[in-house]
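Beneath this line is the structure, given in structure tokens, with notes to follow.
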Amino acid sequence: MYEGVVQDLIDELGRLPGVGPKGAQRIAFHLLQADPTDVRRLADVLIEVKAKVKFCEVCFNVSQDDRCRICRDPRRDPSVLCVVEEYKDVVAIERTREYRGRYHVLGGAISPIDGIGPDQLRIRELMARLASAEVTEVILATDPNLEGEATATYLTRMLRVMDLRVTRLASGLPVGGDLEYADEVTLGRAFAGRRAAE
């Protein structure tokens, strides 16, 4: 649609997750109108992040060091391990300020339709961590979708033979939601996970 490098920029931006053709076009034209110093700073940060950021050697969270800040923090409880699909899940849980244990990032979820099986995830590394007997509870915090449920079920079966407490995050109705708009799976889980009224 546009000529040469402008179309190339739009095409590359359009490959980013969550950026559609119109969004890519808006970003491209914003960059064209931006101060060259701002564009150079963005380009430098993109290059720097690819050069410096790696995965933690313990939990596989993103980190600039061999170990992430959570794995280095002596105040974190090493006996509780929260297993998540992606490093962005760590950020979501940390925002709650409710969890003080450590993490293990699987790098995805079991999805046969996408060709992702247990061998493509960091399950072998998880089992090696659990062999040390330092961990007493594993919290399975996978997404509440088909792939996340399959992953949690697979892990539950594997962990059943170990002397561990295995728990799942509670799920149900969001605060401020209306029952009439809740889907049947969410409503069913809310009933299954009900507790005594306070």
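Based on a Kirkwood Rh over C-alpha pairs, give the Stokes-Einstein translational diffusion coefficient of the range 109-158 at 25 °C and viscosity 0.890 mPa s in µm²/s.
Rounded, D is 211 µm²/s.
Report, in whole Å, the centroid distance computed from the Cα atoms of the range 94-109 and the range 30-90.
Rounded to whole Å, the Cα centres lie 14 Å apart.
If we count other beta carbons within 10 Å of each Cβ, what is the order of H30, H104, fewest first?
H30, H104
Compute the angle between helix 87-96 and the longest alpha-carbon principal axis of the chain, please, reported from 0 to 90 degrees and rounded to the nearest 10.
70
Could you run the Debye sum over the Cα atoms of the range 1-54, one equal point scatterer each and no solvent, and tell me log10 of I(q)/I(0) at q = 0.21 Å⁻¹, two decimals?
After summing over all Cα pairs, the log10 values are -0.86.
Rg to Rh ratio, the chain, alpha-carbon atoms and Kirkwood radius?
1.05
Each value in this text was obtained by applying a stated rule to the coordinates, not by laboratory testing. This is a predicted model, so every value here is computed, not measured. Every residue, glycine as well, gets a Cβ built from its backbone with ideal geometry; the counts of neighbours run over all protein chains shown.
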